[in-house]
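See structure below.
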Amino acid sequence: MNPISRRDILAVGAAGGLLATTSAAMGQTSPQVPQPNRAPGFGGRDPGPRDLTRDRENPDVLNPPSTDQGTLPNLRFSFADAHTRQTDGGWTRQVTRREFGISTTLAGVEMRLNAGSIRELHWHKQAEWAYMLYGTARITAIDQDGNNFVDELGVGDLWYFPGGLPHSIQGLGPDGCEFLLVFDDGSFDEDDTFLITDWFKHIPQEVLGKNFGVSGDNFAHLPDPSQRYIFKSEVPGPLDPDKLMGARPVPQTFKHRLMAQDPIRTKGGTVRIADSTVFKASKTVAAALVEVEPGGMRELHWHPNVDEWQYYIDGQGRMGVFGSQGTARTFDYRAGDVGYVPFAMGHYIENTGNTPLRFLEMFRSSYFADLSLNQWMVLTPPQLLQAHFALDQTVMENLRKKKYPIVPA
């Protein structure tokens, strides 16, 4: 390297290092940089190293409310931190108990299928519940009685396949689809599925021939399973030809149009509940789609039957969780995050942004159930309640006998 170019490079490097150091020092004293000091006399400055992006995304972790106390497990994980498996037909990533240790009852998968691309014919031990996030898809399945199911879904639609039933998913035009899959076992793994091409590969050709009543030579050139899983294909034609002539439909549809339901409406937002009372096929996963207006809040409540698994679709919010024994923690969430509330823990979810907050609550259960703190208090004899709190009469008069799942700002 000639002396001039080397000297130039060293000068630029030194200037860059000085600028970075100066910027860091200025940044640490700038009011725009969050610091772990909730109020004067609490906490202190963090000179680094630190991840400012994370700190800004998690203000209630960096500076928890003074009501937080003790230690609860981490109740937040982002799909953005999950490994993304890419193929020529799309991509997939998962959040299971391996990634998110507290998530013992349910696991989730985000999947993208390009137009025409297929998630190959397969089945798994776990039941599969799904919410369409983007685009359109065609799904197929059969049941143990030889009944057939083929249908198309759009944004906001659900599907459910019981464990063990074979099925497929295909992205349609113009731009394929993206969806959330939820499985009724936190230890589920996308790689632990029964793939049709993988099974064919591990069956002797003569056995295949005998099974299908043809020569085994017909199976000499099967595709390798590595070429399938999620793979490119042509966008299929109209739906009607795919509905097989003479095939009996499944007795309970595997599809549910969640957005066609009349929601529970309050001044603060809406709730749509989909469990086995309205989506008959969904025997092991119950869900609610919650929309909270800016400043509104999913009321203080808890679930008396199972853990809660959450998926955040739009907006940003924070959840405060009460874990008994005086423990409480607050977490911040945004689109693509997963939240979790262990069985019976009290909690609320507040919209902290300036756009609607939308998220899914999911449960490994056939039915949805929650208990409202407000409703419990109003349905308790007033004298007994007052013996606990000595509440102002204004509070007593504002207690509601009717459950009000979303409260306004």
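The values are calculated or read from the model by the stated rules, or taken from the named source; none is laboratory data. Everything numeric in this text was worked out from a predicted model, so none of it was measured. No Cβ is skipped: glycine too gets one built from the backbone with ideal geometry, and neighbour counts run over all protein chains shown. Ligands, DNA and RNA are stripped out before the accessible areas are found, and what is left, the full protein with its side chains, is counted by its heavy atoms. Shrake-Rupley method; radii C 1.70, N 1.55, O 1.52, S 1.80 Å.
Brief remarks follow.
- Check on THR277, surrounded by fewer than 18 Cβ atoms within 10 Å (Cβ to Cβ) and touching a Gly at 6+ places or on another chain (Cβ under 6 Å): no
- Residue in region 303-315 that is at pLDDT 95 or above, surrounded by fewer than 20 Cβ atoms within 10 Å (Cβ to Cβ) and more than 30 Å from VAL250 (Cβ to Cβ) present: yes
- Members of region 220-241 that are acidic (Asp, Glu) and either surrounded by 15 or more Cβ atoms within 10 Å (Cβ to Cβ) or modelled with pLDDT of 95 or more (or both): GLU234
- Breaking point among (1) open to solvent by 10 Å² or more (accessible area, probe 1.4 Å); (2) basic (Lys, Arg); (3) part of a strand (DSSP E or B); (4) in contact (Cβ under 8 Å) with a residue 40 or more places away in the chain, for ARG93: (4)
- So ALA130, is it crowded, with 20+ Cβ neighbours inside 10 Å and either farther than 25 Å from THR284 by Cα or touching a residue at least 60 places away in the same chain (Cβ under 8 Å) (or both): no
- Any hit, region 270-277, residues being touching a residue at least 12 places away in the same chain (Cβ under 8 Å) and either closer than 22 Å to VAL61 by Cα or among the aromatic types (Phe, Trp, Tyr) (or both): no
- Cβ separations smaller than 7 Å between residues 6+ apart or across chains give the following pairs from region 336-348 residues that are on the phi > 0 side of the Ramachandran plot and surrounded by fewer than 23 Cβ atoms within 10 Å (Cβ to Cβ) to residues that are at pLDDT 95 or above and part of a strand (DSSP E or B): GLY336/SER78; GLY336/TYR312; ALA344/TRP302.
- ARG56 being modelled with pLDDT of 90 or more, surrounded by fewer than 13 Cβ atoms within 10 Å (Cβ to Cβ), touching a helix residue (DSSP H, G or I) at 6+ places or on another chain (Cβ under 9 Å) and not aliphatic (A, V, I, L, M): no
- Region 84-116, subset basic (Lys, Arg) and closer than 21 Å to ALA137 by Cβ, residue nearest to the chain's Cα centre (by Cα): ARG93
- Remark: pairs (first residue in region 42-71, over 24 Å from GLN316 (Cα atoms); second residue open to solvent by 50 Å² or more (accessible area, probe 1.4 Å) and of a type in the set (A, V, I, L, M, F, W, C); Cβ separation under 7 Å; 6+ apart in sequence or on different chains) = GLY48/ALA24.
- Candidates ASP189, ASP217, ASP262, ASP198, filtered to the one that is open to solvent by 50 Å² or more (accessible area, probe 1.4 Å) and part of a loop (DSSP other than H, G, I, E, B): ASP262
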